[in-house]
């Protein structure tokens, strides 16, 4: 399959950096990461009060960041607490530093 051949042409680092870049391609997601990077953790409801988006839209952006592993969420009904996934956050920084030397 052509898609598989294309994927084999790139390194794991390039593919991972592209996934992180895609997840960071919206200003709300950048704002979420900045907010979470300055806090140990944050509740979904608290972020909804700070960021200028609807709760449902915020949830979609959080899911995109969570899908690539930049954040992690702990569900404690009725609340969801989100934190930076430090390991992957540092990996993203390293990958981008290598690309943007």
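Taken together, the values in this text are just the output of simple stated rules run on the coordinates, not laboratory data. Only a predicted model underlies this, so the values are computations on that prediction, with no experimental measurement involved. Please note: Cβ atoms are built from the backbone with ideal geometry, for glycine as well, and neighbour counts cover all protein chains shown.
When the helix-only estimate is applied to the chain (DSSP H runs of n ≥ 4, each -39,500 (n - 2.57), divided by the residue count), what is the mean residue ellipticity at 222 nm, nearest 500 deg cm²/dmol? Working shown, then result.
Details: 6 runs with 64 residues, N = 101.
It lands at -19000 deg cm²/dmol.
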query = Which of [x] 15.1, 46; [y] 12.4, 35; [z] 14.5, 46 is the computed Rg and Dmax of the Cα atoms in Å for the structure on display?
reply = [x]
remark   = Checking rank on 53-60, 64-71, 8-15, with mean other Cβ inside 10 Å and highest first, the result is 64-71, 53-60, 8-15
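Percent relative contact order of the range 14-95, based on C-alpha pairs within less than 8 angstrom and at least six residues apart? Mind showing how you got there, number by number?
Values: 80 pairs, mean separation 27.5, N = 82.
Relative CO of the range 14-95 lands at 34 percent.
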note = Helix 86-99: inclination vs the chain longest Cα principal axis, degrees, rounded to 10, gives 40 degrees
note = In nm, the gap between the two label points placed 7 Å beyond Cα toward Cβ at residue 35 and residue 22 is 2.4 nm
